Every structure is written in structure tokens, then in C-alpha cells.
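Read through the structure below, which is laid out as C-alpha cells, and then see the notes.
The values are calculated or read from the model by the stated rules, or taken from the named source; none is laboratory data. Predicted, not measured: the structure shown is a model, and the values here were computed from it. Neighbour counts run over all protein chains shown; Cβ positions are idealised from the backbone, glycine included. Areas reflect the complete protein model, heavy atoms only, side chains present, ligands, DNA and RNA absent. Shrake-Rupley method; radii C 1.70, N 1.55, O 1.52, S 1.80 Å.
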Amino acid sequence: QGLFELRKGDGMRLVLLGPPGAGKGTQAALMCRRLGLLHISTGDMLRQELQAKTELGLKAHAYIEKGELVPDSIILDMVRAKLEEPECENGYILDGFPRTLVQADALAQFVELDAVIYLEVPFEIIIKRISGRRRCPKCGVIYHTSHYEKSTCSCGGLLYQREDDKLETVKNRLAVYEAETRPLIAYYSQKGLLRTVDGEGTPEEVDARIAALLEP
Ligand code: AP5
Ligand code: MG
């Protein structure tokens, strides 16, 4: 029996794990459409807080702009509050969380995960993906300059490049990933939850690989 069958009534609880630029946001959007799950990206939540100039957003900004992780306590309070919302009852995909062993242990205290999908993508591809990334501020859709040359989204929003997508900051984000987040691969593998997916190829090809993992 596949995971989807297992949880149909209840909703799956998945984690998308992978380095910056691996395609977590892109795949989460495709999976949510296919499976009816809620997309929870801690990076997007922090950027929304920053846009609204909340205390949390301004505090987080100092870390984000350097490519450092926002402290665990801040992230955990934010995620706990989110997961208590009724809209999470039908299942969700966590994108960019957990990112440290402390966060993973804390999550295990209040959520039983169904699977952790690890997107494996080589370093050279990551750099190409991040340097061409553009995002719509209105609807959140992610584009890449190699597939989409216009400067406006189909919804009319003016596309922008994330401030932490500058090469120097990306290098630090990758180093932080290696030190803080990569250990989660072994952590979830030991728990029998890890499913590794080849993240190369088109978004649709990667989505098909994920679908095959989650179905009988
Ligand atoms: P966050 O926003 O989570 O950034 P990230 O993990 O660095 O990941 P990205 O969003 O950069 O990449 P992605 O994997 O989503 O790739 P995408 O789909 O966009 O975090 C930002 C910051 O917030 C952190 O540095 C930290 O400071 C803070 N933060 C967030 N969560 C935290 C936490 N839990 N704890 C502490 N701090 C936290 O794709 C990238 C590009 O590639 C796009 O242009 C896309 O179009 C393209 N692309 C995607 N897939 C493909 C494909 N198959 N083929 C070709 N192109 C593709
Ligand atoms: Mg993302």
C-alpha cells in the first residue's frame, strides 16, 4: 500500500529536504496541486513577515541577508503556530523545515511524518538554478530566466531576484547547508523515513519520480 492510500482521509505529512536551489519550492507547488496538500515554506513565511515589517520579519532579515540560519527558537515558534491552524489538518508539505537537528527533534515531538523526500542535485546545477531564479511578489510563482524571459508574471506582478541569491550569499547558504542541514539525511534515514529522489531533469520529470515514490 502506498503512502497516499495510507493517509487519504487524514492527509499526508511530508518534508522536502535538499540544498538551496534544489527545487524544493518548485516541486512542492507541483505536489500540492496533485495531492491537495498545503505548502508550508519557512523561507516564504519569513519573507512575508519581512514584507509586512513585523518584529519577527525584521529580526529574521539580519540572518537571511547573510545566508545564515534564523535561530531555532524563532523558527520553532513560527512553525508550531502554523501547524496548529485548521488548514493543516488535511496534510502538508514542509519546505525548508526542519533544517537543523534541533528543529527535527522538536518536530518529532508533535508530528508523525509519513516521509522525507530528499532532492539530490549536483552543485553546478544548483548555482545555475539559483542565479536565474525570479519570483513573482504577487502570486509567489517561481520562474527561471532560461525558460521564461519576460519581466512580468502571468498575473501581472513584476518579477524580482531574491536578495540572498547573490553569489557570495549563495556560497554561504551552501556552506551552512553542509554543516547544519546535511546531517538530517542520516537522521531521517535511520528513522526509515528518507526517500532520495534524483532532482536533475525538468520539474515535470522530477515530479513524476516523486509521484512514483508516493504511490503503490
Ligand atoms: P529558503 O527560502 O528555504 O531557501 P533555500 O532552502 O535556500 O532554498 P531555495 O528557496 O533557495 O531553493 P528551492 O530548493 O526552493 O528551489 P526553487 O524551487 O526555488 O530559506 C531562505 C532563508 O530563510 C535561509 O537562508 C534562512 O536564513 C531562512 N530560513 C528558512 N527556513 C529556515 C529554517 N527552517 N531554519 C532557519 N532558517 C531558515 O528552484 C530554484 C530555481 O531553479 C528556480 O528558478 C526554479 O525555476 C529552477 N528549477 C527548479 N527545479 C528545476 C528543474 N527541475 N529544472 C530546471 N530548473 C529548475
Ligand atoms: Mg524555496
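Considering the dipole of the chain built from charges on the beta carbon (Lys and Arg +1, Asp and Glu -1) around the Cα centre, which of M31, V70, I126 is farthest to its positive end?
I126
For the range 118-216, take N as its residue count and report Rg(C-alpha) divided by 2.2 N^0.38 Å.
Cα Rg divided by the expected 2.2 N^0.38 Å: 1.27.
Grab the Cα-Cα distance for K191 and L101, subtract it from 0.36 nm times how many residues apart they are, and report the gain in nm with one decimal.
Roughly 31.1 nm would be gained on extension.
If you roll a 1.4 angstrom probe over the protein chains with everything in place, what fraction of the accessible area of the range 1-138 belongs to carbon and sulfur, to the nearest %?
The C+S portion of the solvent-accessible surface of the range 1-138 is 51 percent.
For the residue pair F110 and D77, what label-to-label distance in nm results when each label sits 7 Å from Cα along the Cα-to-beta-carbon direction?
That separation, rounded to one decimal, is 1.3 nm.
List the residues, sorted by chain then number, that are 5 or more residues from Y92 or on another chain and whose placed amide H is less than 5 Å from its amide H.
M12, R13, L14, L38
Could you order H61, H147 by accessible surface area, starting with the largest, using a probe radius of 1.4 Å?
Sorted by accessible area, descending: H147, H61.
With a sphere of radius 13 Å drawn around the Cβ of K53, what net charge do the other residues whose Cβ falls strictly inside it have (Lys, Arg +1; Asp, Glu -1)?
In short, 0.
Working out 0.36 nm times the residue gap between E200 and Y160, then minus their Cα-Cα distance, what length gain in nm do you get to one decimal?
Details: separation 40, 0.36 × 40 = 14.40 nm, distance 2.44 nm.
Separation in residues times 0.36 nm, less the Cα-Cα distance, equals 12.0 nm.
Among Q190, A104, L167, flag the residue with its Cα farthest along the positive direction of the charge dipole of the range 97-216, charges on Cβ as +1 for Lys/Arg and -1 for Asp/Glu.
Highest projection toward the positive end goes to L167.
Which of C153, N90, G11 sits farthest toward the positive end of the charge dipole of the chain, with +1 on the Cβ of Lys and Arg and -1 on the Cβ of Asp and Glu?
In the chain, that residue is C153.
Dipole of the chain, Cα-centred, from +1 at each Lys and Arg C-beta and -1 at each Asp and Glu C-beta, to the nearest 20 debye?
Working: 28 positive and 32 negative charges, 106 e Å.
With only Lys, Arg, Asp and Glu charged at Cβ, the dipole is about 520 debye.
How much area per residue is accessible in the range 1-128 when the probe is 1.4 Å and only protein heavy atoms are counted (Å²)?
With all protein chains present, the range 1-128 gives 47 Å² per residue.
Got a sec to turn the phi values of the range 111-116 into Karplus ³J(HN,Hα) couplings, 6.51 cos²θ - 1.76 cosθ + 1.60 with θ = phi - 60°, whole Hz, x for Gly and Pro?
Couplings: 9, 9, 6, 8, 6, 10 Hz.
For the chain, what is the calculated [θ] at 222 nm in deg cm²/dmol (nearest 500), taking -39500 (n - 2.57) for each run of four or more DSSP H residues and dividing by its residue count? Mind showing how you got there, number by number?
Numbers: 10 runs with 98 residues, N = 216.
The per-residue figure over the chain is -13000 deg cm²/dmol.
I'd like the Karplus ³J(HN,Hα) series for the range 172-186: coefficients 6.51, -1.76, 1.60, θ = phi - 60°, whole numbers in Hz, and an x wherever there's a Gly or Pro.
Computed from phi, the couplings for the range 172-186 are 5, 4, 5, 5, 5, 4, 4, 6, 9, 9, 3, x, 5, 4, 5 Hz.
If you plug each phi of the range 56-70 into the Karplus form 6.51 cos²θ - 1.76 cosθ + 1.60 with θ = phi - 60°, what whole-Hz ³J(HN,Hα) values come out, in order, with x for Gly and Pro?
Listing the rounded values in order: 4, x, 5, 5, 5, 4, 4, 7, 4, 5, 9, x, 8, 7, 6 Hz.
Expressed in nm to one decimal, what extension gain is obtained for the pair K66 and E87 from 0.36 nm per residue of sequence separation less their Cα-Cα distance?
Contour length minus Cα-Cα distance gives 4.3 nm.
Once amide H atoms are placed 1.01 Å from N in the peptide plane, what residues at a sequence separation of 5 or more from S41, or on another chain, have their amide H within under 5 Å of its amide H?
Under 5 Å from the amide H of S41 lie the amide H atoms of D95, each far enough along the sequence or on another chain.
Using Stokes-Einstein with the Kirkwood hydrodynamic radius over Cα pairs, what translational diffusion coefficient do you get for the chain at 25 °C and a viscosity of 0.890 mPa s, in µm²/s rounded to a whole number?
138
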